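Heads up, the thing below is written out as structure tokens.
Rule-based calculations on the coordinates, nothing more; no lab input. This one's a predicted model, so the numbers in the text were calculated from it and none came from an experiment. Cβ sites come from the backbone with ideal geometry, for glycine too, and all protein chains shown count toward neighbours.
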Amino acid sequence: MGRLIHFEIHVDDMERAQKFYGEVFGWTFQDWSEYAGMPYAGAVTGDESELGINGALMQRQSAPPEVNQALNAFACTIGVEDYDAAEKQIINNGGKVAMPKYALPGMAWQGYYHDTEGNIFGIHQPDENAK
């Protein structure tokens, strides 16, 4: 045991957050609010045959993170096929750059963004030629 099996993204506006993650990454959502006792949307992030996990969007229970504050939680990183196209989708759907694209030499392109709810997440495109 000990393998990460679920994530939760705290959001202020459930509809806005579902639109962001649905439009940018193609996630789909299931209403689990009755089970959770609060606004809670199960997030299906991809095909079960692919590596990865599913999670949820949940109603934020406290103040949102301040701009430029240090990260005080886990940061989820999402695999993408085309870094630049994914970044364009993020920006076009209300996200903002937190840390611009950089190379993990010989491995991948990586960068971090703020979603529409102020949370930080990463995107990662494998590329052995990254430098």
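What you get for the chain, charging only the Cβ of Lys and Arg (+1) and of Asp and Glu (-1), is a dipole of about 400 debye around the Cα centre. Farthest toward the positive end of the dipole of the chain, out of Trp109, Ala86, Val24, is the Cα of Trp109, where the dipole comes from beta carbon charges about the Cα centre. Gyration tensor analysis over the Cα atoms of the chain returns equivalent ellipsoid semi-axes of 25, 18, 14 Å (largest first, whole Å). Candidates Ala73, Met14, Pro126 compared by Cα position along the dipole of the chain: farthest toward the positive end lies Ala73, with charges placed on Cβ.
Ordering of 19-32, 92-105 by packing is 19-32, 92-105, highest average first (other Cβ atoms within 10 Å, averaged per residue).
Against the chain, whose longest principal axis is taken from its Cα atoms, helix 14-25 shows a tilt of about 30°.
Over every pair of different alpha-carbon atoms in the stretch 11-68, take the mean of 1/r and invert it; report that Kirkwood radius in Å. Don't skip to the answer; put the middle values down first.
Values: mean 1/r = 0.0810 Å⁻¹.
Taking the inverse mean of 1/r over all distinct Cα pairs, the stretch 11-68 comes out at 12.3 Å.
Once the convex hull of the C-alpha atoms of the stretch 91-131 is built, how many Å³ does it hold per residue, rounded to a whole number?
Numbers: hull volume 2.4 nm³, N = 41.
So the per-residue Cα hull volume is 58 Å³.
The helix-only estimate of mean residue ellipticity at 222 nm for the chain, built from DSSP H runs of length n ≥ 4 each weighted as -39500 (n - 2.57), is -5500 deg cm²/dmol after division by the residue total.
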